[in-house]
Amino acid sequence: MTDATIPQPEAKKTSAVAEQPLMQVKNLAVSFDNGSGPRIQAVDGVMMTIYPRQTFAVVGESGCGKSVTAMSSMQLVPRPPGRFDRGEILFRRSNEDGGHVVNLLEMSESEMRSVRGNDIAMIFQEPMTSLNPVYTVGDQIVEAITLHRDATAKEAWQIGIDAMDDVGIPDPEGRMKAYPHQFSGGMRQRVMIAMALACRPRLLLADEPTTALDVTIQAQILELLKDLKAKRDMGMMLITHDLGVVAENADVVCVMYAGRVVEFANVYDLFDDPRHPYTRGLLASIPTIGHRRDRLVTIAEVVDNPEEFKKLPGADQGITPWWPWHEPPKDLKRRDEPAGDYVLRKVAKDHWVGVWRTEALADDNSPAPDLSFCVTDNPQ
Amino acid sequence: MARSTSQPDSVPALIAEKSSHARWTQIGKSGVIGIGFLAFMFALCLGSLPWTLGSAVGEDVPRYDEGDPKSGRLPPSWWVYDEQDIARSRAAVDSEVYQQIADEYNISLEETLDSTKGPAAEAGAAHWPRFLLGSDQLGRSLGVRLLAGGGISLGIGIAAAMISVGIGTIYGAIAAYMGGAVDSVMMRVVDVLYGLPYILLVVLLAVASNAKVDEYISQSRAKEKWIQKQAIVMLEQSSTQPVTKRDAREYLAGNSAYREELFVQATQKYPPREISKPMRTFLDVATLLIAIGGVSWLTMARVIRGQVLSLKNQQFVESARAVGASGRRVFVRHLLPNLIGPIVVYATLAVPQAILQESFLSFLGIGVKPPLPSWGNLAAEGLSELNTFRSHWWLLLFPCLLLGMTLLAMNFVGEGLREAFDPKRSR
C-alpha cells in the first residue's frame with residue numbers, strides 16, 4: 001500500500017487544478033420533527049468547503065450530523081419530518097466559463113434527479129443491503145448509467161463492465177450477471193463504488209464506506225477510492241468516525257459535534273495541534289500500539305477539565321471553545337438566528353475552531369472556512 | 001494494489017453463468033406437477049363449460065340441470081350396488097322396457113323384475129341409468145355438475161383473487177410508499193371497511209350491481225325520460241310560459257291515467273332488452289366475484305403495506321434514489337419486484353378463500369343460485385345428504401376431492417413461484 005505521505009510525482013503536476021471550490025456548505029441548519037417534543041436540530045450552522053481532488057473527512061460521533069449534512073447535499077433528507085431551516089449548499093456543476101454554480105437546497109426534485117448519481121454520487125455504509133437483492137448487479141449499474149447517459153442497453157452494459165473492471169472486480173463480464181448475494185461484503189462495496197462512479201461524478205459522498213468491512217478490505221477499498229479520485233479529479237467527502245482512516249486518507253478534516261463544526265483544519269495541523277478540547281479528547285482516546293497503559297484517556301476526562309478550554313489563543317479576550325454542555329460565557333452576544341451563539345473562528349493559518357459568540361466576536365462575520373489543501377501537494 | 005484484473009484467466013467465472021434471467025425454469029418439481037394439474041383442471045372444467053351450460057337437442061334444460069328424480073342418489077356406476085340401489089335403478093327404467101325383456105325371455109314381468117342373476121337380469125341392467133360419479137337427489141349427473149361447478153368455482157376463485165391482489169397490492173403499496181397522512185387516511189379507510197360485516201358489503205355490492213342489470217334490461221330510465229318529454233311537449237301546447245321538468249313531474253303525478261297511457265307507449269318504444277340465459281348467469285357470477293374481490297383486498301393491502309414499509313427503509317431504496325431514480329421508478333422497479341414473494345403466497349391463499357366464500361354466499365342465496373352448481377355448494381349439498389342410514393358418500397367425496405386437490409396444486413405452484421423468484425434460493 002502506498003503511504004499517504006509519500007508524494008506521487010504525477011499528482012504534483014496537476015496541483016494547479018484545485019483552485020475553485022467544488023462544493024460550499026454555508027450556515028446549513030437542518031431540523032427534524034420529533035412528533036410530540038420540540039424539533040431536533042440535527043445540523044446547526046455547518047460550514048465547509050470541498051475542492052476537487054480533495055478528500056474532505058467529516059469526523060464525529062454518531063448523531064453529530066455528518067450523514068445529515070451529506071444527505072442534505074443530495075436532498076435525500078426525508079421531508080417531512082426533516083426541514084432545511086437555513087443556509088445554502090453551492091455546487092459547481094462545471095468548470096467552463098467560470099463555472100456553473102447551483103444551490104442544491106433550492107433545486108426542484110426533477111433537477112435534483114439530474115444531479116444525483118450524475119454530478120454527485122453516494123456510497124453507503126452497508127454494502128450488504130445497498131443493492132437490490134432481486135436484480136443482478138449488472139442491471140443495477142446499467143440502471144444508474146441509463147438514468148443519466150444517452151446510452152443504448154448494449155453501450156451501458158459495456159460502460160458497466162468497464163466500471164466493474166476499474167474497481168478491481170475479476171471477470172467483470174461474468175460478474176455483471178451475478179446477484180448481490182453472490183458477492184462478499186468487500187466485493188459488494190466495490191460494486192457500489194462502480195455504480196457510483198459509472199457516470200463519472202464530480203463529487204463522491206462516501207458515508208462510512210468501510211465501517212462494515214474488515215481492516216484489510218477497508219484498506220483496499222480506501223486505496224481504490226484514493227486512486228480513482230486522483231484519476232478523475234473528483235472531490236470526495238469521507239464520512240467516518242475512524243481517526244486512523246482520516247489520518248491515512250484525508251486532506252482536510254472537519255470535526256463535528258452536536259450538529260456544529262467544532263474544528264476545521266488540514267490533516268497535519270489537526271493531528272499535530274488540535275485546538276478544540278473535544279478534538280484533543282478524541283485524539284487522546286486512541287490507543288497506541290506498543291505504548292502500554294493501564295487505562296485509556298476518555299473524551300470526558302479532557303472536556304470536563306476547564307483548563308483545557310483556556311488553551312485557545314485569545315482566551316484572555318474571552319474567546320472560549322464552544323461546547324454545548326457548558327454554560328455560555330456571561331458576555332455572550334447571541335444573534336437572532338440558528339446557531340447565533342457560535343462562530344467558526346479562524347485561530348491560525350488554515351485552522352478554524354468553533355467558539356462562543358462573546359463580546360469580542362459580536363461583529364464577527366467569518367466566511368465559510370476555505371482550504372484547498374491537498375496532501376499530495378504538501379508532503380510532510 | 002488490490003487489483004487482480006491483471007490475470008483474468010486465473011479467476012474462474014464461478015457462478016455467474018448459472019444465474020440467468022429465465023427464472024421460470026427454476027420452478028421445481030412439485031411446482032411443475034401443480035402447474036400440470038391446474039392446467040388439466042382448467043382445460044377440463046372451462047373447456048367443457050359450453051357443453052355443460054348448453055342443453056341437449058330438443059331440450060330446454062341445460063345439461064348440468066338435466067335429470068330424472070326417479071334415478072336420484074345412485075352411486076357411481078363402478079361401485080357395488082346394494083338392494084336399494086338396484087331397486088331404484090329398476091324403478092328408473094320404463095316398465096315397457098322390462099315388458100319387452102319379459103317377452104323376449106318368455107318369463108313374467110314380475111319374474112324379470114325380481115331376477116338378480118341370469119341373462120334376463122343382465123339385459124335389464126343394461127338399461128339402468130348409469131352415472132360415472134353417481135347422481136344427486138334429483139337424478140342429475142354429479143360428473144356433469146362437477147365439471148360445470150368447477151368452471152364456475154375456478155373462474156370465481158382466480159378472478160376474485162386477481163381483483164383482490166391487484167387492488168390490495170396497489171393500495172397497500174401506495175399507502176406505505178407515500179407514508180405520513182396519506183398512509184394514515186388510506187389505512188383508516190381499510191380499518192373502517194374491516195369493521196363493517198363483510199356480508200353486508202357483499203350484499204350491498206351484489207344488490208347494487210343487480211339493480212344495474214335490471215335497469216339495463218327494462219330500460220326504465222330511458223322510459224321515464226321519454227314520458228317526461230312527452231308530458232312537456234303536451235303541456236307546452238296549452239301554455240304560453242316555458243314548461244320546466246318539475247311542472248311535467250307534478251302534472252304526471254296528479255294525472256295517473258295519462259301517465260299509464262304514456263307508459264304503455266313507452267314500453268312499446270323501449271321494449272325489454274333480450275338477455276340470454278348464459279349472459280344472465282355470467283352477470284350473476286360477475287357480480288359475485290366483484291363482491292368477493294372487492295371485500296377481500298383488505299388483508300392484502302395490510303400485508304403489502306407492512307412489506308413496503310420494511311422495504312422502504314432498506315438501504316437499496318436509498319441508494320436507488322441516490323443514483324437519481326425518480327420516486328415512481330423506485331416504486332415500480334425496486335419495490336414491486338421485492339414484493340413478488342408475499343404477493344404470490346397471498347394469491348395462492350386468496351384463491352381457495354374466494355372459492356370458499358363463494359360457496360358460503362351461495363348458501364345464503366346471494367351468490368351462485370341453484371340449480372347452477374359450484375364446487376362449494378355441491379359439497380354443501382353432499383354434506384346434507386350424509387346420514388347414518390345411507391351415506392351417499394360420492395356426493396361429498398368428489399367435490400371435496402377436486403377442491404382439495406386443486407387447492408393443493410395451487411399451493412405447490414405458489415411455493416414454486418416464490419422460490420423461483422427469490423434469487424437467493426436459486427442455485
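The values are calculated or read from the model by the stated rules, or taken from the named source; none is laboratory data. Here the structure is a predicted model, which is why all the values come from computation and not from measurement. Cβ sites come from the backbone with ideal geometry, for glycine too, and all protein chains shown count toward neighbours.
Things worth noting here:
- Checking B:A380, B:A347 one by one, the residue that is away from chain A (no Cβ under 14 Å), in contact with a Phe, Trp or Tyr (Cβ under 7 Å, 6 or more places away or on another chain) and of a type outside the set (F, W, Y) is B:A380 and no other.
- Screening the candidates B:G293, B:G195, B:G254, B:G306 for the property of being under 30 Å from B:A173 (Cα atoms) and surrounded by fewer than 13 Cβ atoms within 10 Å (Cβ to Cβ) yields one hit, B:G195.
- B:I167 touching a residue at least 12 places away in the same chain (Cβ under 8 Å) and either crowded, with 17+ Cβ neighbours inside 10 Å or closer than 22 Å to B:L46 by Cα (or both): yes
- Just one of the listed residues (A:N132, A:N118) is over 22 Å from A:S73 (Cα atoms) and either part of a helix (DSSP H, G or I) or within 10 Å of another protein chain (Cβ to nearest Cβ) (or both), namely A:N132.
- Residue match in region A:256-270 (condition: part of a loop (DSSP other than H, G, I, E, B) and surrounded by 23 or more Cβ atoms within 10 Å (Cβ to Cβ)): yes
- Candidate set from region A:187-210 (those that are of a type outside the set (A, V, I, L, M) and within 25 Å of A:T49 (Cα to Cα)); member that is surrounded by the fewest Cβ atoms within 10 Å (Cβ to Cβ): A:R200
- Restricting attention to region A:101-115, the residues being touching a Gly at 6+ places or on another chain (Cβ under 9 Å) and at the interface with chain B (Cβ under 9 Å from one of its Cβ atoms) number 5.
- Among the residues making up region B:294-318, those that are in a helix (DSSP H, G or I), without any contact (Cβ under 8 Å) to a residue 12 or more places away in the chain and polar (S, T, N, Q) are B:S310, B:Q315.
- Among the residues making up region B:349-368, a single one is assigned to a loop (DSSP other than H, G, I, E, B) and free of Cβ contacts under 8 Å to residues at least 24 places away in the same chain: B:G365.
- The strands (runs of 3 or more DSSP E) found wholly in region A:31-105 and carrying at least 1 residues that are at pLDDT 90 or above and of a type in the set (G, A, S) occupy A:55-59.
- Matching helices (runs of 4 or more DSSP H) fully within region B:142-245 where at least 3 residues are under 19 Å from B:S296 (Cβ atoms) and touching an Asp or Glu at 6+ places or on another chain (Cβ under 6 Å): none
- For beta carbons closer than 6 Å, sequence separation of 6+ or different chains, a first residue in region A:109-136 that is buried (at least 23 other Cβ atoms within 10 Å of the Cβ) and a second that is among the aromatic types (F, W, Y) and assigned to a loop (DSSP other than H, G, I, E, B), the qualifying pairs are A:S130/A:F124.
- Of everything listed in (1) at the interface with another protein chain (Cβ under 9 Å from one of its Cβ atoms); (2) crowded, with 24+ Cβ neighbours inside 10 Å, the single unmet condition for A:Q182 is (2).
- Residues (in a loop (DSSP other than H, G, I, E, B) and loosely packed, with under 15 Cβ neighbours inside 10 Å) located in region B:55-74: B:A56, B:V57, B:G58, B:E59, B:D60, B:V61, B:D68
- Output for region A:137-175, where each listed residue is more than 8 Å from chain B (Cβ to nearest Cβ), assigned to a loop (DSSP other than H, G, I, E, B) and surrounded by fewer than 22 Cβ atoms within 10 Å (Cβ to Cβ): A:R149, A:D150, A:A151, A:T152
- Within region B:321-339, the set of residues being more than 7 Å from every other protein chain (Cβ to nearest Cβ) and either among the hydrophobic types (A, V, I, L, M, F, W, C) or in contact with a Lys or Arg (Cβ under 9 Å, 6 or more places away or on another chain) (or both) comprises B:G327, B:V330, B:F331, B:V332, B:L335, B:L336, B:L339.
- The single residue among B:P423, B:P371, B:P342, B:P399 that is touching a residue at least 40 places away in the same chain (Cβ under 8 Å) and within 14 Å of another protein chain (Cβ to nearest Cβ) turns out to be B:P423.
- Residue in region B:402-420 that is farthest from the other protein chains (Cβ to nearest Cβ), counting only those that are small (G, A, S) and within 18 Å of the chain's Cα centre (by Cα): B:G404
- The listed residue being crowded, with 20+ Cβ neighbours inside 10 Å, touching a Leu at 6+ places or on another chain (Cβ under 9 Å), modelled with pLDDT of 85 or more and over 18 Å from A:V46 (Cα atoms), out of A:V253, A:V246: A:V246
- Any hit, region B:123-134, residues being at pLDDT 85 or above and under 25 Å from B:F398 (Cβ atoms): yes
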